[in-house]
Every structure is written in structure tokens, then in C-alpha cells.
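Heads up: the structure comes next, in C-alpha cells.
The values are calculated or read from the model by the stated rules, or taken from the named source; none is laboratory data. Since we're looking at a predicted model, the values are computed, not measured. Here the Cβ positions follow ideal geometry from the backbone for every residue, glycine too, while neighbour counts run over all protein chains shown.
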């Protein structure tokens, strides 16, 4: 028996160098500058940066807000009024705002920059030229508040564009304040700050955004099927006023939404009309605005006979939560804590775990509050996107770490719309030249349409002009969507042995199915298909069997939940052991100090009770006695 002997010398493993490369490079640069006699010169100072207003000015300053849908901006105005601010929501940006944006903005900017910047300048010019206010008076009495940008694109610099345009338009020193979406509650706080971004401020903001989402979603569900043109818009205007009054007066927004539900429920509808459901995705501002910024896309689609499925602001908030969760999980495995935007530096030993728990709780709380608002407002059977599911669907085609626009969400939403028959057609809208969203829609999505046959996907760009070409391209794909919807409904009728007249007669005998707020269970890509399947099920299945099926479905749901719980027991036990060990370490490290502090407080309290001394005196005596 032979034994192989290796004569190769053993491999040497070099120790890993723990170097701070950034610090080394900075030190080298500093030494070279000193050796060459180079001095740091400040080339430019932005005088309009970091301007704010004080609490003493709050009584005379009006906050200007805008940038979302008309309902959202209107509700934000009411909610912040209750917090104690004087607020005015700007009108939706129009082509006149685009003209101001191009006149005073930098060249080569994208649509959101031109429209939002121009809309503010247009309002200020109106105050100066039409209302007779001086520029100094406008600067002293108005402040524009907006959210910070998140994109690695030109729109990410739009606050700088505001300052440049305001300076060139004659409003040097006008205050533009922003709160970053990752900045938390610590921004603009302090005794002297007039804009206090505290929990009360953000809770009011969340109420306004959720109420706006619910009313918008209900309106887009009802309007395509209304029997009387304009009935939905009248009901929405009345509902918006009710919710606005509740937000501004501090009364129950849930009660206001319930009153709105009763008003919207009175609109007469006919859901036997075959209309393709068009899901709008794309760049956030372009798919959210309701004016000339996207050629009034939502109303155009409805005018062409489609039902519009909009993306809610709540979904954007959930995406932000998912984004931080994803980055936290990836960074938790690093050898050291980094100081990036989502870094874990300074969070402590258990910072990553605490952050993940907080984000999980925030996600669940936001979903719970939204569904509470949705039930009160009549938005039945609405499903917020599962961000992990969207990310998993997109990951093979588009890396989740690539950010900008809506990142992987566009890819994931298109795939899920096709696979789960959520929409007949998916329309991606973005500004002309939008770098993040444009690369997704024009590049990756072409592969998706090949791998998922039957996908009806239309990518369009907005530039402020060229509406004819925009509409023409959308109409071309809408023709395909209408044909697909009609074929789907015809197949559903044939499969269930129904026809159009028989379906209408069945619905006439059951007014509940024809109610404005009724939502049929999901069965196909358009609303008429869902209604056909529901009617066929109710017609062919007796009441006792339907009740039995509900009980069986509930029992299977409970069993599935219990099964998940049993299968998760080993993992839960492992986590519990680790948690107990960590708690033991914490108690071992911090226990003595905590015990001493507790004993000191007990001594102080005993002396206070015994001798009638104040707390500070008792503490000093206890310290001396200790």
C-alpha cells in the first residue's frame, strides 16, 4: 500500500489588512497638497441652501405643497392645517408651468423637474404680477415644502433646480425646504425651527396620503362603468370635501371615509360593459400626476374605453420600507459596519436586528391602517403588493440592488400582471430621457414580453409636447387589449353556459352585484370576466353548498396556518435559544450597573417619603449615604 507524499511547500496565508482606504487616500492627498503648495479654495457658496423659518414666523408664513395627485395635495393641505400651519396646495402642473420651467430651469432636465419647478415659479409670478405683491413680501410670507428626491438621475437634483429657477425669476432667497425619505424624524427639529418634522406632523401626513389613495382607487374603479356621465366625479368632489373637513378639524377620518362610502355607493354602474383593465407603472411622478405632465393619461385611457389600475402612494411607502430592509439584511453579513445611507454604523451590537424588527412592524402597521381606511371608504378586496414577491419575480431579469425610478418593481409588476392575470395591458410611462426607468422599459421589458407570450406591454415617454404621437402609440396597444378582453369575456360566458342577456337578467334580480362598490372575486384580467364567473358560481351553487365551501376554506386556512406554525417550530426554537443567550449576555454586561441605579433610586425615594424632601434633595442625600 503506497502513500502519496506531496513535496509542495505549504501555502502561506497573508493576514487580512484592516485599512481604511478612504482615510489613506485623504491623508495622501493632504500631504501632496501641502508639499505642492496647493490651497483649498471655496469656489461657490450657495446662499439659498438650508434656508428655514422660525417658530416666531409661523403665524405669517404659508406653506406651499404639491407634486402628487389633486386629492393627495388637497388632503395634505387640510391635515397640516390641523397641525398648526397655514397651508396652500398648488394646482396640478400644466403646460404653462412647463413653459416657466423651461424658461428659468437648466437645459436638458426631465419632465418632473420642468413641471414641478415651473409650477412653483408660475404661482409666485402670479402673486407678483397679478396680485401686486412685491418679491420681498412673497419671500417673507411663503415657503415651499417638498419631499427629498431618491433617484440617481437629474430629478435627484431638483431642489437645486428650484433655487436656480427662483433666483433667475427674481425671487432670490425664497425658501425651499425638504425632508428626505430616509431622514426620519430628526430633521428640521429644534426650538427655533418653524417646520417641526415630529411624529404629529408625519401622522397627519400619513392620514392624508392613505385617504387620498382610497378615494382615488375607488373613483377609478367606478368611473369607467358609470351610467350617468360625471356622477362619479360629483360624488368624489363631495367626498373629498368631507374628508378635508375631517382632516383640518381633527375629527375622525374613518367616519368621514364611511360617509364618503355611502355617497359613492349611490352611483349607478353597469359592469357588464367589456373594458380592458390597464395597469399604469413607470416613473413615480409621471404615473402619479393627473395633468399635462402625462397628457392626462388616466382620463385619456378612460375615454378610450379602458379601466385604469393606478399605483397608490402607499405602495411607494412600502417600497421604501422594503428597500431599507433589503439593504439592512445584506449589510448585516459584512465584517464591519459601514457608514453609507443604509449603513449600520452607530447602531450598536444589536442595531441590525432592531432595525429589521422595526421595519417589519412598520410594514404590517401600514398595511393594517391602509386596509382599515379601505374598508371604511368602500375599497373592497384591494391587495397591496407583496414587495418580496415582486422582488423575487424580477430578480432573474433585473438585479434588486439597481435603484432609480422604481427599479426592479417595473419588471416584477409586469411579470405578475401577466402570470396572475391582474391586468389586460400594462402601460409604462416615464419622462423623455428618464435614465433609470427608460433603460428598464426599453431594455429588460423586451425580454419579458418574449418569455411571457400574450403580454400586452406599452412603453411611452412624455416630454410636454408630442401628445399626438403619445396618444397614437397608446391607442395601437389599446386595440389589442380590447380584443383580448372581449375574447376573455366570451370564453368565460361560453364556459359557464351564459350569454349577455341572461347575465343582465340575473344581475337585475340581485342588486347587490350591481352596486357601485361591489367587487367580484378575482378570476380574470378584466372586471367583466370577474363578474361573469361570480354570477355563474352563484347561479349554479345553492346557498348551503356555498356556506359549506366557505367553512371548508376557513378550516383549510386554519390548518395551513397551523402547519406553518409546526414547521416553523425548530427555527423558532433556535431563534429563541439565541435570543435567550443574547439577553443573558446583556444582563451579564449591564446588570450590575442597572442594579446600582435601581438601588440609588430606591434610597432617594425612601428618604423623600421619610423626611418629606424633594426628589433632588433625596437623591443628593442618598448619594452621600451610598
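Criterion first (in the same structural domain as residue 290 (by TED's automatic domain parsing), farther than 27 Å from residue 297 by Cα and in contact (Cβ under 8 Å) with a residue 12 or more places away in the chain) does residue 388 satisfy it? Yes.
Answer with yes or no whether residue 230 is touching a residue at least 40 places away in the same chain (Cβ under 8 Å) and more than 29 Å from residue 455 (Cβ to Cβ). For residue 230, the condition - touching a residue at least 40 places away in the same chain (Cβ under 8 Å) and more than 29 Å from residue 455 (Cβ to Cβ) - is not met.
Please verify whether segment 288-297 includes one or more residues that are in a helix (DSSP H, G or I), modelled with pLDDT of 90 or more, closer than 21 Å to residue 418 by Cα and under 21 Å from the mean Cα position of the chain (by Cα). Checking segment 288-297: not a single residue is in a helix (DSSP H, G or I), modelled with pLDDT of 90 or more, closer than 21 Å to residue 418 by Cα and under 21 Å from the mean Cα position of the chain (by Cα). Among the residues making up segment 398-422, those that are touching a strand residue (DSSP E or B) at 6+ places or on another chain (Cβ under 7 Å) and in a helix (DSSP H, G or I) are 410, 413, 414, 417. Only residues that are modelled with pLDDT under 90 and part of a loop (DSSP other than H, G, I, E, B) were counted across segment 453-472, and they come to 6.
Number of residues in segment 78-93 that are within 21 Å of residue 159 (Cα to Cα) and surrounded by 17 or more Cβ atoms within 10 Å (Cβ to Cβ) equals 5. When we screen 197, 210 for residues that are within 25 Å of residue 119 (Cβ to Cβ) and at pLDDT 95 or above, the only hit is 210.
Here's the yes/no breakdown for (1) surrounded by fewer than 23 Cβ atoms within 10 Å (Cβ to Cβ); (2) touching a helix residue (DSSP H, G or I) at 6+ places or on another chain (Cβ under 9 Å); (3) in the same structural domain as residue 531 (by TED's automatic domain parsing):
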| site | (1), (2), (3) |
| --- | --- |
| 254 | yes, yes, no |
| 257 | no, yes, no |
| 283 | no, yes, yes |
| 293 | no, yes, yes |
| 307 | no, yes, yes |
